[in-house]
């Protein structure tokens, strides 16, 4: 299973400062996304997840210059989320150096937009879904009744989506549910954030999850990246 560092970017800078040696007073802090990505790749990261926070609010990619700086410094795939919905937005991200994109749950209710995104990104498109039933129920769906997560995932798989990113706020992952979902769907499942420790990472690995995306726990040092890689192996 992959352990994927996530960098939330606002105004071209990481929202969180990364300083691995803070406890010992060694090294130097940085909020430059490209330097943070370099550090994690040097330690074994095989994929970097980049969240364009400004782009998510604007509905279009905003931090493309920062994307380019990261892409120019690391030789691993770069996955971009935030403002990616739409063919032109995806093309801009790819032109800047992204190799994968993540679109929001809104595309599940807009089949034409989903197909447009798939036409450009193909297998390198992932759709983010919120695991919390109350969040799915609260979304203003253009259908008679809110779908279930399993129903949404099945619809997306039938449309040709090959990767789903499942978020669950600050809750701990439900390993039994995720293992069942992984068995029944023909897609790669990634889990984003949540209350995760090394035992949870081992559990996700055993549940056949393809990857765990971690931002603040890794950047703050709450989860040691090297130990996380060992737990995921």
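Every read-out reported here was derived from the displayed coordinates using simple, explicitly stated rules and does not represent laboratory data. The structure displayed is predicted, hence computed values, not measured ones. Counting neighbours? That spans all protein chains shown, and the Cβs are built from the backbone with ideal geometry, glycine included.
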Original post:
Expressed as a fraction of 2.2 N^0.38 Å, the rule-of-thumb size for a compact globular protein of N residues, what is the C-alpha radius of gyration of the chain?
Top reply: 0.98
Original post:
Does the stretch 127-233 come out rounded, prolate or oblate, given a ≥ b ≥ c as the square roots of the eigenvalues of its C-alpha gyration tensor, rounded meaning a/c under 1.5 and, failing that, prolate meaning a/b above b/c?
Top reply: prolate
Subject >> Normalised alpha carbon radius of gyration of the stretch 1-70 [divisor 2.2 N^0.38 Å] >> reply: 1.15
Original post:
Where does each of 19, 141 land when they are ranked from fewest to most other beta-carbon atoms within 10 angstrom?
Top reply: 141, 19
**OP:** Fewest Cβ neighbours within 10 Å first, please rank 197, 123 accordingly.
**Re:** 123, 197
**OP:** Label the stretch 1-40 by shape, choosing from rounded, prolate and oblate, from the square roots a ≥ b ≥ c of the eigenvalues of the Cα gyration tensor; if a/c is under 1.5 it is rounded, and otherwise prolate applies when a/b is larger than b/c, oblate when it is not.
**Re:** oblate
